[in-house]
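Have a look at the structure below, then the notes.
No value in this document is a laboratory result; all are computed from the given coordinates. None of the values given here were measured: they were computed from a predicted structure. So basically every Cβ, Gly included, is an ideal-geometry build from the backbone, and we count neighbours across all protein chains shown.
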Ligand code: G1P
């Protein structure tokens, strides 16, 4: 019986410069999309796949992330007294999960952030979720990736076909198609220019990694932007074991900058039980006005 993946690492130590001034004193990960902070979408996505232990890599000004996933005694008592059961259940929905927080110290890149979790992960395989990339809650990307990992016993990363003009924002792979949506990866480049990109298959923020990646991190040098890049570590790992890429064709919201964040908010609000009806009417109304202009 293969050991189940029960741990996820969520890097959350970035400075959030693309959201300034909102992120001057509060974490980007806590910006609300409809009624939940951005990072909660990734936690709920993982929880659906049986992940129970979360290691969040934090930095300065990130305390509110810890408070958010902690119990809130006074608030709970208050809601109990007022009989607000639904709200109480909502704020307690993730209470059964374990959270650990590690400070990254210096923001030296994604590989460096993940490396900080080594003492908690030890020799287990684990998931990495970048919370800027919100996967539609109706999709099963992470579970599909886990199933590939259980079948092949190899690390798996999520890929998406992106327009050539956007390729410079991503890690990009060179690979050979193994089956329908599965590629065996032969090489990876972090944020290439359009001409230098080996394909249009970009890495999106979901990874299933095996613990040998930690040894690779030890031998790394800084890459693009002077940072320790996970993409470079993966390039090293394929020297001694297969790495697979799973092409995601479902809905992803790129909430990593202001425009993407607004788009994510609109799309997820349209799907939200609480406000979708009224919000849909508002969007139709405003679209009509815009069409007239
Ligand atoms: C990171 C990775 C990149 C990947 C991207 C996905 O970049 O380094 O390879 O394509 O996440 O969101 P970042 O967006 O943190 O600069």
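If you plug the beta carbon distance of residue 124 and residue 103 into 1/(1 + (r/R0)^6) with R0 = 30 Å, you get a FRET efficiency near 0.85.
Once you reduce region 47-70 and region 207-232 to the center of their Cα atoms, the two points are 22 Å from each other. By the count of neighbouring beta-carbon atoms within 10 Å, fewest first, 76, 190 end up ordered 76, 190. To the nearest ten degrees, helix 258-271 and the longest principal axis of the Cα atoms of the chain are 60 degrees apart. With Cα atoms defining each centre, region 145-200 and region 261-293 are spaced 33 Å apart in the structure. With contacts taken as Cα pairs under 8 Å and at least 6 residues apart, the chain reaches a relative contact order of 21 percent. May I ask for the angle, rounded to the nearest 10°, between helix 276-292 and the longest principal axis of the chain, with both axes built from Cα atoms and the value confined to 0 to 90°? With rounding to tens, the tilt is 80 degrees. DSSP beta bridges fully contained in the chain are about 60 percent antiparallel.
Between residue 161 and residue 94, the contour length at 0.36 nm per residue exceeds the Cα-Cα span by 20.8 nm. Tell me, what is the FRET efficiency for residue 273 and residue 6 to the nearest 0.05, using R0 = 30 angstrom and their Cβ-Cβ distance as r? For R0 = 30 Å, the calculated efficiency reads 0.55. Shape of region 158-220 from the C-alpha gyration tensor: oblate (a/c of 1.5 or more and a/b not above b/c, with a ≥ b ≥ c the square roots of its eigenvalues).
In this simple spin-label approximation, residue 139 and residue 48 carry label points 7 Å from Cα along the Cα→Cβ vector, and these lie 1.0 nm apart. Over the residues of the chain, the helix contribution to mean residue ellipticity at 222 nm works out to -9500 deg cm²/dmol, using -39500 (n - 2.57) for each DSSP H run of at least 4. The ranking of 65, 91, 173 from fewest to most other beta carbons within 10 Å of each one's beta carbon is 91, 65, 173. Rg ratio for region 205-293: its Cα radius of gyration over 2.2 N^0.38 Å, N being its residue count, equals 1.73. Starting from the Cα gyration tensor of region 128-248, take the square roots of the eigenvalues, sort them a ≥ b ≥ c, and report rounded, prolate or oblate (rounded when a/c is under 1.5, otherwise prolate if a/b is larger than b/c, else oblate). Rounded is the answer for region 128-248, as its axis ratio a/c remains below 1.5.
Per-residue packing, averaged as other Cβ atoms within 10 Å, sorts the ranges 240-253, 93-106 into the order 240-253, 93-106, beginning with the highest. Convex hull volume per residue, computed on the Cα atoms of region 1-81, equals 134 Å³. Computed on region 106-237, with alpha-carbon pairs under 8 angstrom and 6+ residues apart, the relative contact order is 35 percent. For the pair region 1-29 and region 83-118, the centres of their Cα atoms are 8 angstrom apart. Helix 141-152 and the longest principal axis of the Cα set of the chain meet at an angle near 30°. As a proxy for reagent exposure, ranking 237, 286, 203 by other Cβ atoms within 10 Å from fewest up yields 286, 237, 203. Each listed q (0.07, 0.14 Å⁻¹) maps to a log10 I(q)/I(0) for the chain, found by the Debye formula over equal Cα scatterers with no solvent: -0.28, -1.10.
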